[in-house]
Amino acid sequence: MVVRLWTAASAGLTLNDALTIASRGNATLARELQFLGINRGDRTISLTRVKRLFVIKTRFEAYLIIFALALGAMTRGAHYTVQYPGVGGYLLFAATAGAVFLGGAKILDALRYEREAREAGADTAEKAGLQP
């Protein structure tokens, strides 16, 4: 049984894009969904729209991700102090905090590097007389 729901979803989908829900084991559904969303007639919905959802674009997004990493690491570190009482637990707690520091620094450095590379490319294109 195939039921079509008309919805306005994220990632640029319009009311004309159908979300198909069906019961398990329906081979017709698999054939219908094979190219749904990738090629829709006169327009193409590429997978880059979905990929852009997982790209860190701003420092604010980076700080939110680093905060989430730190929250999880500190929770894990607290469990380590309970599971391994004494110095060993506290060393593991410090290791989880250090991992967040290293990961956060890498995320922020990557954002800075991408911004500088983009600016350098724009400067090069401007010198060559091309549109950036």
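Assuming a ≥ b ≥ c are the square roots of the Cα gyration tensor eigenvalues, decide whether segment 57-132 counts as rounded (a/c under 1.5), prolate (otherwise, with a/b larger than b/c) or oblate. Present the calculation step by step, with values, prior to reporting the outcome.
Values: a/c = 8.99, a/b = 4.00, b/c = 2.24.
In terms of gyration-tensor shape, prolate.
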Mind ranking 93-100, 53-60 by how tightly packed they are, going by the mean number of other C-beta atoms within 10 angstrom, highest first? 93-100, 53-60
Would you pull out the residues with amide H under 5 Å of Tyr84's amide H, same chain only if 5 or more places away, H placed 1.01 Å from N? none
Note: Thr75 to Ala110 extended length (0.36 nm per residue) minus current alpha-carbon separation gives 10.0 nm
Treating only Lys and Arg (+1) and Asp and Glu (-1) as charged, each at its beta carbon, one finds that segment 56-128 has a dipole about its Cα centre, in Debye to the nearest 20, of 180
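Computed from the coordinates by the stated procedures, all read-outs in this text should not be read as laboratory data. A quick note: this is a predicted structure, and the numbers were derived from the prediction, not measured. Heads up, the Cβs are rebuilt from the backbone with ideal geometry, glycines too, and the neighbour counts pull from every protein chain shown.
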